[in-house]
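The values are calculated or read from the model by the stated rules, or taken from the named source; none is laboratory data. The structure presented is a predicted model; accordingly, all values stated were derived computationally and were not measured. Every residue, glycine as well, gets a Cβ built from its backbone with ideal geometry; the counts of neighbours run over all protein chains shown. These area figures cover heavy atoms from the full protein model, side chains too; ligands, DNA and RNA do not enter into them. Shrake-Rupley method; radii C 1.70, N 1.55, O 1.52, S 1.80 Å.
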Amino acid sequence: MQQEQYIDELINFITASPTPFHTVAASVALLKKNGFQQLREDEIWNERETALPAGNYFVVRSLSSLIAFCWQGAGSNTNTIKPLQMVGAHTDSPSLKVKPIPVKLQQNCLQLGVEVYGGALLAPWFDRELSLAGQVWWLNGLGEEQSTLLDFKQNIAIIPSLAIHLNREANKKEGNGINKQTHLVPVIGLSNDDEELFFDTILKKQLNIDADAEITGHDLFFYDAHPPVRTGLARELITGSRLDNLVSCFAAVQSLISGEADMNNMIILNNHEEVGSVSTCGAQGSFLRDTLEWLVPEREKRLAMVRTSLLISADNAHAVHPNYTDKHDPQHQPRLGQGPVIKHNANQRYATSGSTAARFKMLCKKTQVPVQEFVMRSDMGCGSTMGPLTAAEIGVETVDVGIPSLAMHSIRETAAGIDCWYLYQVLQRFFRG
Ligand SMILES: [Zn+2]
C-alpha cells in the first residue's frame with residue numbers, strides 16, 4: 001500500500017470508529033477479510049489436547065478490546081523458543097458518555113445528560129455539531145437478549161457556548177471555568193409539549209426495533225460529527241477526532257496483516273486506557289495474561305517466550321507546539337512530520353529503557369524512518385500510557401512510542417500524515433523480522 005492510499009484508509013477507519021466498540025468491529029472486519037479466525041474466550045481452545053495449530057487468530061473481550069495474532073507455536077525447547085513481537089495500543093478516546101437516564105427538558109430544549117469520559121479538553125466541545133454512537137443491549141419480543149452497534153452518523157446535538165455579552169470574562173484565562181454537570185449538557189432538539197420523552201423511545205426508533213422491545217443497557221458516547229480531514233497548503237496535516245489513539249490501532253492492524261508468515265506476532269488493542277486501564281478489558285486487567293496462558297499453557301515455556309519478546313506500546317506523543325515552545329524541554333522537542341517519538345520517563349510513567357529505546361532506534365534505522373525522543377520538562381508532571389501497565393502485568397520488555405501530535409485530547413487533534421505512514425512502516429518491519 002502506498003502512502004496516500006494508507007492515509008485515506010486511515011481516515012476511513014477513524015470515521016468508522018467513533019467508539020471503542022466500533023474500533024473493534026472495524027478491526028475485526030479487516031482481520032476477517034485477511035483470513036484471521038475468531039477464537040472465543042468461552043470455549044476451551046486446547047480441548048483436543050494438542051496446541052493451537054499455527055495460523056492467524058483474534059479474540060475479542062467485552063466487545064471493545066481485541067487481541068490478534070499470527071501464531072507459529074512457542075518452540076519445543078530452550079534453543080527453539082520463538083519470541084513474540086507485540087504491539088499495543090488503545091481503542092478509547094476522551095469523550096462525553098450518556099448517563100443511564102439522560103433525557104431532560106430545560107426551558108423548551110431537549111437535552112441528554114452526560115459524564116465526562118477520560119481527560120477531555122472540554123472547551124473545544126462547544127459549538128460543534130455532535131453525533132452519538134456506541135453499543136445498545138435490548139430484549140426482543142421473545143425475551144431474547146440482543147446487542148447492537150449504534151451510530152446516528154449525522155449531527156444531532158450541540159453544546160452552545162454562553163454569548164460573550166453574558167460573560168464578559170470569557171476570553172480571560174480565569175473566565176473559562178466549565179462546570180461538567182451544568183455547562184456541558186448537549187441539546188438534541190426542541191419540544192413544546194411537556195410530555196415526557198424517554199431515551200428508550202429515541203433508541204428504538206433509531207435501531208428500528210419493535211415498540212414492545214425493551215432497552216436493557218447502553219454505552220453511548222457523543223462524538224464530533226465532522227470526519228477527520230487533510231489540512232495545510234500541501235495537505236500534509238490530518239485534523240480530526242480520536243487520532244489518539246486510532247492512528248496506532250490502524251497501524252497495528254495493518255502491520256499484523258502484512259507481517260511475515262513464520263513469525264509469532266501479536267497486537268493488543270485495549271479499551272479504558274483513558275480512565276486508568278483497570279477493568280475487565282483494560283491493560284491492567286487479565287486479557288493479555290489469559291490469552292498468553294491459553295496459547296502456551298506450559299508456564300516455563302511461556303515465561304521464556306515472554307522474556308525473549310518485545311512490546312512496542314504505541315500511543316500518541318506531544319509534538320512541540322509552535323505557540324507554546326516553552327512547554328517542552330529545549331533538548332526534546334519532537335516536531336510534526338519528523339518521525340515517531342520514543343517516550344522516556346525516569347519514574348517509569350513510560351516503560352522505555354535504554355535497551356528498548358536502542359531496539360526501537362535500530363528498527364527505525366533499518367526501515368529508514370527518522371526517530372525523535374521525548375522527555376517531559378523536569379518541572380512538569382508526566383502523563384502515562386498502557387506500556388508500563390502491560391510491562392508490569394506480564395514482565396515483557398517494553399518501549400513506549402507514538403506519532404507526534406498537537407491538541408491531544410481535544411475533540412479535534414492535529415498530526416502529520418507522514419508520521420502515520422512512518423509508524424506503519426516501522427511496525428510492519430517489526431513484524432517482518
Ligand atoms: Zn493515548
Return one number: the angle in degrees, 0 to 90 and rounded to the nearest 10, between the long axis of the Cα atoms of helix 354-367 and the longest principal axis of the Cα atoms of the chain.
90 degrees
How much of the accessible area of region 95-224, probe 1.4 Å, is carbon plus sulfur, in whole percent?
48 percent
Could you state the per residue volume, in Å³, of the convex hull enclosing the Cα atoms of the chain?
158 Å³
Could you calculate the FRET efficiency of ALA392 with ASN140 from 1/(1 + (r/R0)^6), where r is the beta carbon distance between them and R0 is 41 Å, rounded to 0.05?
0.40
How much mean residue ellipticity at 222 nm does the chain get from its helices, if each DSSP H run of length 4 or more adds -39500 (n - 2.57) and you divide by all residues, to the nearest 500 deg cm²/dmol?
-7500 deg cm²/dmol
For labels at ASN108 and ARG359 in the simple 7 Å Cα→Cβ model, what's the distance in nm?
6.5 nm
Measuring from label point to label point, each 7 Å out along Cα→Cβ, what is the HIS165 to LYS327 span in nm?
3.3 nm
Gain on full stretching of the segment that runs from THR280 to LYS205 - 0.36 nm per residue minus C-alpha separation:
23.9 nm
Given Cα pairs under 8 Å that are at least 6 residues apart, what percent is the relative contact order of region 95-224?
39 percent
Can you list the lysines whose alpha carbon sits under 26 Å from that of LYS173, skipping same-chain ones fewer than 8 residues off?
LYS327
FRET efficiency estimate (nearest 0.05) - Cβ-Cβ, TRP294 to ASN347, R0 35 angstrom
0.55
Take the Cα gyration tensor of region 1-76, multiply each eigenvalue by 5, square-root it, and list the three semi-axes largest first, rounded to whole angstrom.
28, 16, 8
On a 32 Å Cα-Cα criterion, which of the cross-link pairs LYS97/LYS366; LYS32/LYS104; LYS180/LYS204; LYS82/LYS366; LYS97/LYS361 come out too long?
LYS97/LYS366; LYS32/LYS104; LYS97/LYS361
Note down the nm distance, to one decimal, between modelled labels 7 Å out along Cα→Cβ at ILE178 and at ASP42.
3.9 nm
Tell me, rounded to the nearest percent, the portion of alpha carbon pairs in region 95-224 spaced more than 22 Å apart.
42 percent
Round to the nearest 10 and give me the degree value, 0 to 90, for the angle of helix 243-257's Cα axis relative to the longest principal axis of the chain.
40 degrees
In vacuo Debye sum over C-alpha of region 364-433, base-10 log of normalised intensity I(q)/I(0) at q = 0.16, 0.17, 0.18, 0.27 Å⁻¹, listed in q order, is -0.79, -0.88, -0.97, -1.25
So for R0 = 35 Å, FRET eff. of ARG230-PHE198 from the Cβ-Cβ r, to 0.05, ends up at 0.25
Quick one: plug the Kirkwood hydrodynamic radius of region 32-181 (C-alpha pairs) into Stokes-Einstein at 4 °C, 1.567 mPa s, and report D in µm²/s.
62 µm²/s
Local electrostatic count at ALA314 - Lys and Arg +1, Asp and Glu -1, tallied over other residues with Cβ under 12 Å:
-4
Ranked order, VAL278, VAL185 - accessible area, probe 1.4 Å, largest first:
VAL278, VAL185
P(r) for region 198-272: what percent of alpha-carbon pairs falls in each 10 Å bin, starting at zero?
13, 25, 25, 25, 11, 1
Per DSSP, loop GluC sites (Glu not before Pro) in region 232-322 with at most 16 further Cβ within 10 Å:
GLU236, GLU260, GLU298
Using the alpha carbon gyration tensor of region 306-410, what are the three equivalent-ellipsoid semi-axes (square root of 5 times each eigenvalue), largest first, in whole Å?
23, 16, 11
Based on the Kirkwood radius over alpha-carbon pairs, what is the Stokes-Einstein translational diffusion coefficient of region 248-327 at 20 °C with 1.002 mPa s viscosity, in µm²/s?
140 µm²/s
Relative contact order %, the chain, counting alpha carbon pairs below 8 Å whose residues are six or more apart
22 percent
Angle between the Cα long axis of helix 3-15 and the longest principal axis of the chain, 0 to 90 degrees, nearest 10?
50 degrees
Return the inverse of the average 1/r over all pairs of distinct C-alpha atoms in region 166-292, which is the Kirkwood hydrodynamic radius, in Å to one decimal.
20.5 Å
